[in-house]
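Asker: So that we are looking at the same thing, I have put the structure below in structure tokens.
The values are calculated or read from the model by the stated rules, or taken from the named source; none is laboratory data. This is a predicted model, so every value here is computed, not measured. Glycine also receives a Cβ, built like all others from the backbone with ideal geometry; neighbour counts cover every protein chain displayed. Please note that ligands, DNA and RNA were not included when accessible areas were found on the heavy atoms of the full protein model with its side chains. Shrake-Rupley method; radii C 1.70, N 1.55, O 1.52, S 1.80 Å.
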Amino acid sequence: GFTITIWDANNWNKLNEYHRYSGAYSGNSLAFLADGTLLTSAPVGGYAGDPRYENTPLTDSRYTDLGIFSLIQWNPETGKPVRYIPNLGYPPKDLSIKVTNAFVVSKDGSLIAGLSGEVLLYETQGGALLKKIMIPPVATHKDGPVSVAISPDNKTIAVGTLSGKVHFYDSQDGSLLRSFAAYPEVFGARCEALIFSPDGQYLVTGRSRVGEGKADIGLVRIWRVSDGKMLIAYSGTTGSIRKLSWNPKNDTLAAGDDASLRLWKVSKTVQDPILTQKISHGSYCTAFSSDGRLATTENNEVVIFQ
């Protein structure tokens with residue numbers, strides 16, 4: 001979307017609202033960095049003169065039509081951009097970096113992994129591009145990255161693809177460590193969402209719903225990272241999985257889909273969710289805070305669960 005709204009988490013008063021003047025879907029990716037700046041995706045160009053941005057400071061006019069920036073850091077109090085990532089200089093030496101459709105920030109805030117037809121790995125402090133990681137091609141059909149996660153120790157990047165595969169990469173040299181098919185029984189099932197468990201031992205995947213009658217075939221699955229073995233499969237969701245979040249305080253897993261929010265107590269023996277909440281227009285962004293509170297989007301609102 002175009003609008004970013006900043007709230008005070010103590011009293012939920014609206015602090016600021018502004019436009020990010022970009023039209024590409026960002027995977028609902030937002031992140032506050034350690035210095036308090038807000039990170040968002042940042043396609044630029046093509047919106048000069050748009051009335052929605054009449055009172056919005058645009059990006060540096062030298063770059064307006066190039067569309068090369070991957071991410072923007074904002075001052076959340078003023079709504080003004082403070083830095084573009086990557087910092088390419090002017091004239092830019094690399095025009096191959098395009099819009100980042102989704103991104104994640106590592107647990108310690110030092111790394112950023114974004115998706116732009118490939119995986120772009122940045123270091124946060126200087127905004128430098130560390131690696132470009134290409135996804136292995138699939139012989140039968142087009143493939144590409146649609147979800148990404150960074151392990152808690154920063155050593156591994158997990159990438160989910162259009163074809164339902166999961167690839168693990170070494171974050172230092174970008175080498176492919178191993179791969180597996182997360183949903184081999186369902187052709188065309190995208191691996192829409194990924195998240196590591198807080199201890200890094202497990203990876204959770206969520207897939208798209210493909211066709212009627214396939215909503216109950218384990219859309220949410222938990223895998224052991226060390227050997228890629230599937231341990232748990234949760235069913236019963238009513239749409240494509242959009243976001244996953246693991247409570248850092250306990251073994252509770254949240255999944256937002258096109259019509260609902262579900263919570264499971266992670267267990268090999270109990271498959272039924274401990275909470276099922278219908279969500280108007282889908283739960284497209286779901287996240288646990290560090291103290292275990294859960295936030296999810298519902299229509300044009302944000303709902304907080306204790």
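Asker: If you take the residues of the range 108-123 that are acidic (D, E) and part of a loop (DSSP other than H, G, I, E, B), which of them is least open to solvent (accessible area, probe 1.4 Å)?
Answerer: Of everything passing the filter in the range 108-123, E118 is least open to solvent (accessible area, probe 1.4 Å).
Asker: For Y84, which of the numbered conditions (1) farther than 27 Å from P184 by Cβ; (2) modelled with pLDDT of 80 or more; (3) open to solvent by 30 Å² or more (accessible area, probe 1.4 Å); (4) touching an Asp or Glu at 6+ places or on another chain (Cβ under 9 Å) fails to hold?
Answerer: Going through the list (1) farther than 27 Å from P184 by Cβ; (2) modelled with pLDDT of 80 or more; (3) open to solvent by 30 Å² or more (accessible area, probe 1.4 Å); (4) touching an Asp or Glu at 6+ places or on another chain (Cβ under 9 Å), Y84 breaks only (2).
Asker: Against the condition modelled with pLDDT under 95, within 25 Å of I274 (Cα to Cα) and in contact with a Pro (Cβ under 9 Å, 6 or more places away or on another chain), how does D216 come out, does it pass?
Answerer: Spelling it out, it is not the case that D216 is modelled with pLDDT under 95, within 25 Å of I274 (Cα to Cα) and in contact with a Pro (Cβ under 9 Å, 6 or more places away or on another chain).
Asker: Tell me, please, whether a residue that is open to solvent by less than 60 Å² (accessible area, probe 1.4 Å), under 16 Å from the mean Cα position of the chain (by Cα) and more than 15 Å from F103 (Cα to Cα) can be found in the range 126-145.
Answerer: No; the residues of the range 126-145 include none that is open to solvent by less than 60 Å² (accessible area, probe 1.4 Å), under 16 Å from the mean Cα position of the chain (by Cα) and more than 15 Å from F103 (Cα to Cα).
Asker: Could I ask something else about it? Can you name the residue in the range 267-281 that is farther than 15 Å from S235 by Cβ and surrounded by 15 or more Cβ atoms within 10 Å (Cβ to Cβ) and is also farthest from the chain's Cα centre (by Cα) among such residues?
Answerer: So the residue we want is Q277.
Asker: Next up: Is it the case that L120 is under 30 Å from S197 (Cβ atoms) and either at pLDDT 75 or above or out of contact with any Leu (no Cβ under 9 Å at 6 or more places or on another chain) (or both)?
Answerer: yes
Asker: Among what's in the range 219-266 and is touching a residue at least 60 places away in the same chain (Cβ under 8 Å) and among the basic types (K, R), pick the residue that is least open to solvent (accessible area, probe 1.4 Å).
Answerer: Here the answer is K243.
Asker: When you check D143 against the structure, is it acidic (D, E), outside any strand (DSSP E or B) and at pLDDT 90 or above, yes or no? Outline the logic, then answer.
Answerer: Working: acidic (D, E): yes; outside any strand (DSSP E or B): yes; at pLDDT 90 or above: no.
Answer is no for this residue.
Asker: Here's something else I'd like to know. Within the range 240-253, work out how many residues are hydrophobic (A, V, I, L, M, F, W, C), touching a Phe, Trp or Tyr at 6+ places or on another chain (Cβ under 9 Å) and under 17 Å from G218 (Cβ atoms).
Answerer: Number satisfying all stated conditions: 1.
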